[in-house]
Amino acid sequence: AQTGGQVASKAVQRPACSNATLKGAYAFDIVGAFVDAPTPLALRGVAVTQFDGAGNLTQVDHVVFNGTPPPVDWTQGTGSYEINTDCTGQMVIEIPGSPFSPVTLRLSVGANGTHINTAVSKAGYVVSSTGTKVQSMALRT
């Protein structure tokens, strides 16, 4: 709309994010390297993380380091997360018995809470992951 020869603009407001933005299961693809070793160790893995909408999480993952599968097929972890209003945030995952625990990550949330990008924020790691919300599939009868 024009007013007095000027075009009026409307501010586009994005919905604010919060811990409640993440609720349910998310499937992650993990890729990167552990660079604190004498020779960097490539890593690749997958995880499913369950967010409760209130700042708590549980996770199972399978991460292969330098071509060596983990000693336990699916490693369990628990932790917490905090999402800021600008859809950035952090999470910390505790993995009992792991020398890599705790794992601290920074994250961004997109696509109305259905997509997550992460980066490990810990010295010696160059690791990122992408997560997508797992949509439940209704069974047809």
Quiz item: Toward the positive end of the charge dipole of the chain, about the Cα centre and with charges on Cβ (Lys, Arg +1; Asp, Glu -1), which of T21, I83, N112 goes farthest?
Solution: N112
Quiz prompt | Derived scalar couplings ³J(HN,Hα) [segment 102-115; Karplus, 6.51 cos²θ - 1.76 cosθ + 1.60; whole Hz; x for Gly, Pro] | solution = x, 9, 9, 10, 9, 8, 10, 10, x, 6, 6, x, 9, 9
Exercise. Sticking with the crude label model, points 7 Å out along Cα→Cβ, report the distance from R44 to E94 in nm, one decimal please.
Key: 3.3 nm
Quiz item: How big, in percent, is the set of alpha carbon pairs in the chain lying more than 18 Å apart?
Solution: 59 percent
Quiz prompt | Cα pair count fraction exceeding 15 Å, expressed as % - segment 78-127 | solution = 48 percent
Quiz item: Mind listing the phi-derived Karplus ³J(HN,Hα) values for segment 65-70, rounded to whole Hz, using 6.51, -1.76 and 1.60 with θ = phi - 60°, and x for any glycine or proline?
Solution: 9, 6, x, 9, x, x
Quiz prompt | Dipole of the chain [Lys/Arg +1, Asp/Glu -1 at C-beta], most positive-end residue of P69, V92, G55 | solution = G55
Practice problem: Quick one: dipole size for the chain, taken about the Cα centre, charges +1 on Lys/Arg Cβ and -1 on Asp/Glu Cβ, in debye to the nearest 20. | Solution: 480 debye
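Since every read-out is calculated from the coordinates, none of them should be taken as a lab result. It should be emphasised that the depicted structure is a prediction, and the values quoted were computed from it without experimental measurement. Cβ coordinates were reconstructed from backbone atoms using ideal geometry, including for glycine residues, and neighbour counts include every protein chain displayed.
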